Amino acid sequence: MKLCKKIYSLLFLLALSITVLGQGENQTVQMADLMRSNGRIYVVVAVMLTILTGLILYLVRLDRKISRLEKEIK
Amino acid sequence: MTDEKNYMQKAWWKIASVLLLIYTFTCGLLLDVPHLPALQETIRNLYFHVCMWFCMMVLFIISVINSIRFLRSFDLKYDVYARQYAVVGIVFGILGYATGAIWMSYTWADPNNPAFQSFSAVAREPKLIGAAIALLIYFAYLILRDSITDMDKRARISAVYNIFAFAMLFPTIWIVPRLLPSLHPGGESGNPALDTRDIDGRMRLVFYPAVIGWTLLGVWISTLKIRLKILKEKKMMHETL
């Protein structure tokens, strides 16, 4: 479970760093960076991947919990 | 359950599912797709909306197989399997229906008409009605099951009903929609998305992995529910002994 917490906090920090990057951009000249290219489709990709990782992490945790219960009951 | 690890505890196919889904979500949004009128970028919904139905179909097939296994052996384990696969199949079916509703309201509905008028045209779709009937039949499966308290009777009746429900799937979602004119692809012209003349090669590159990824995800969720249910039953048995 410690590992899960670490992964969660890492993801949280990653998400934070992305938003901070976005804010820094506004004050300077608009650059053609990855997240702003192609009609900002990469933003959508980032959002969808975040949701997917969240759901998958939830499933993984459930899986582990059930495995632990199975061991206990055996 | 025996001591050796069965497929439910193995990790490799779960990892495969996650990798395929990550591939679907990135490449499905970023790779180039055919430019078609009316559909435009919504053609990417093929990787999500259609996969829900594929996943539902696979889960229902597994469910009916387990019902037959139950009727052959009267092992209550298979009854649990059949029930949980059917439930997760229904969830994916509802998701398929909901995503289809969103998709059609931006492609089929006439933008020049008020929403209500185009709704009356869209609601006549044989595919929609068929899918709704199929899902309702499966809802009835759950209601029937949970209304019987006797364990053996419940397992037997619901296994038989599950086979009937599965048999009804074919006319409602495969046969009838193909006999009637429809806006939905695959109306009178064979298999949408599977026909090699129908689907672009670039899309097949994402579509097939997407189907496998979503299906494995559905199986994963079902196995979690099965394991939980079996644990609960074991606990109940310990308490009564």
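Taking B:K153 as the anchor, which lysines have their alpha carbon closer than 26 Å to its alpha carbon, excluding any fewer than eight residues away along the same chain?
By straight Cα distance, B:K153 reaches B:K77, B:K225, B:K229, B:K232, B:K234, B:K235.
I'd like the orientation of helix B:201-240 relative to chain B: the angle between its Cα long axis and the longest Cα principal axis, in ° from 0 to 90, rounded to 10.
Here the helix axis deviates by roughly 20 degrees.
Relative contact order (percent) for chain B, with alpha-carbon contacts under 8 angstrom and 6 or more residues of separation?
Here the relative contact order equals 33 percent.
Provide B:S147, B:S63 in ascending order of the number of other Cβ atoms located within 10 Å of each residue's Cβ, fewest first.
Final ranking by Cβ density, sparse to dense: B:S147, B:S63.
Taking a ≥ b ≥ c as the square roots of the eigenvalues of the Cα gyration tensor of region B:115-170, is the shape rounded (a/c under 1.5), prolate (a/b larger than b/c) or oblate?
Oblate shape, in that a/c is at least 1.5 and b/c is the bigger or equal ratio.
With a cut-off of at most 15 other beta carbons within 10 Å, and DSSP calling the residue loop, which chymotrypsin sites (Phe, Trp or Tyr not before Pro) in region B:1-99 qualify? Please list them.
B:Y7, B:F74
Sorted from fewest to most neighbouring beta carbons within 10 Å, what does the list B:S105, B:S17, B:S120 look like?
Neighbour counts put them in this order, fewest first: B:S120, B:S105, B:S17.
Roughly how tilted is helix B:12-30, in degrees to the nearest 10 and between 0 and 90, from the longest Cα axis of chain B?
20 degrees
Read-outs: derived from the displayed coordinates by stated rules, not from any lab. Bear in mind the structure is a predicted one, so any value in this text is a computation, not a measurement. Note: ideal-geometry Cβ built from the backbone for every residue, glycine included; neighbour counts use all protein chains shown.
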